[in-house]
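Below: one structure, written as structure tokens.
The values are calculated or read from the model by the stated rules, or taken from the named source; none is laboratory data. All values reported here derive from a predicted model rather than from experimental measurement. Note that we place each Cβ from the backbone using ideal geometry, even for glycine, and neighbour counts take in every protein chain shown.
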Amino acid sequence: MKLLFAALLASRVFAQSAEDPVELIGTLAKARAAGALTIAYRESSVPFSYLSDRGEPIGYSIELCRKLAEAIGDSVGRELALKWLPVTSESRIDAIVSGRADLECGSTTSNLERQKVVAFSPVIFVAGTKLLVKRGSSIRSYRDLRGKTVVATAGTTNAQAMQEVQRRFKIDFRLTSARDHAESYAQLEAGKADAFASDDVLLYGLVAQRKSQAQFQVVGEFLSYDPYGIMFRKGDPQFAELVQRTFHDLAEDGEIERQYTRWFLRRLPSGQAVNLPMSPQLETLIRAMAARPE
């Protein structure tokens, strides 16, 4: 990575010479002036972005963001301290737009609605909405939700997907919300909800972290398509190019696949494993990411 970015620093927008210095703008100027980068993270988006037993942010998205932070430091010519800001599904976009955080490294879907106000890295994961229920439940798909209570974490595309299910299929169920994924899971565990609607991978990750995992199962077909990305401020072309080129290098080097193996196929620090092989869709996206950028 150091060699790649040494070459990058000698060319294009980050090249600087005595004759034609390039002024840093936006996030890069802010990071150089502060000597720090603020990363927004999630507390219970296993295995993307969550807290370790020692209270430190860890996960697949966190590790990719650490690599991105190294590249940002290289581009501005100084090592950057990392500051951490916890966010929820509801507060994450505002944290970026307001400037309280420079990157959001969690489990955030990159869709057209959000792209109107924030920018995203290339896709780092592909998920979709499914249902988590207790074993023995009569719920096997969205068709079985009539008269039931479904919880979805506030501010997620999953809540929107369930509202669309209600509208499109005329299924009358009660949709409630919780502050974060851990609270949604707790509602299901306590019997306050009959199903928890979330991205399939997050459901598998939450179950893997808990001793009660044998009591729950993920059911149903995909109810949405959710490509994840790292979120950053919109309207910052210099920074956007660096993000794009960094992920190209991470894909070309095989680092994204190594991090995937670490967080989805091996045991998590808790001792459990998600055991989720990479999807053909994500494999294709990573190959495209590794292609030489224009």
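So which residues in the range 153-173 are more than 22 Å from Asn111 (Cα to Cα) and either exposed (fewer than 13 other Cβ atoms within 10 Å of the Cβ) or hydroxyl-bearing (Ser, Thr, Tyr) (or both), if there are any at all?
Within the range 153-173, the subset more than 22 Å from Asn111 (Cα to Cα) is 169-173.
Result: Phe169, Lys170, Asp172.
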Among what's in the range 260-289 and is of a type in the set (A, V, I, L, M) and in a loop (DSSP other than H, G, I, E, B), pick the residue that is farthest from Gly128 (Cα to Cα). Leu268
Please enumerate the residues belonging to the range 234-253 that are surrounded by fewer than 18 Cβ atoms within 10 Å (Cβ to Cβ), farther than 16 Å from Ser75 by Cα and under 19 Å from the mean Cα position of the chain (by Cα). Lys234
For the range 205-229, how many residues meet the condition of being hydroxyl-bearing (Ser, Thr, Tyr) and out of contact with any helix residue (DSSP H, G or I) (no Cβ under 8 Å at 6 or more places or on another chain)? 1
Scan the range 157-190 for residues that are in contact with a Lys or Arg (Cβ under 9 Å, 6 or more places away or on another chain) and hydrophobic (A, V, I, L, M, F, W, C) and report the count. 5
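Being outside any helix (DSSP H, G or I) and touching a residue at least 40 places away in the same chain (Cβ under 8 Å) is the filter here, so list the residues in the range 199-224 that pass it.
Asp199, Gln209, Phe216, Gln217, Val218, Val219, Gly220, Glu221, Phe222, Leu223, Ser224
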Yes or no: Gly55 part of a loop (DSSP other than H, G, I, E, B) and among the small types (Gly, Ala, Ser)? yes
Quickly run through the range 97-129 and pick out the residues that are surrounded by fewer than 23 Cβ atoms within 10 Å (Cβ to Cβ), hydrophobic (A, V, I, L, M, F, W, C) and under 15 Å from Phe232 (Cβ atoms). Val97, Val117, Val118, Ala119, Phe120, Val123
Is the range 184-200 home to any residue that is within 23 Å of Arg114 (Cβ to Cβ) and either among the acidic types (Asp, Glu) or assigned by TED's automatic domain parsing to the domain that holds Met278 (or both)? yes
How many residues are more than 29 Å from Ala161 (Cα to Cα) and either touching a strand residue (DSSP E or B) at 6+ places or on another chain (Cβ under 9 Å) or in the same structural domain as Asn158 (by TED's automatic domain parsing) (or both) if we restrict to the range 64-98? 10
Flag if Phe120 is assigned by TED's automatic domain parsing to the domain that holds Arg267, of a type outside the set (Val, Ile, Thr) and in contact (Cβ under 8 Å) with a residue 60 or more places away in the chain: yes
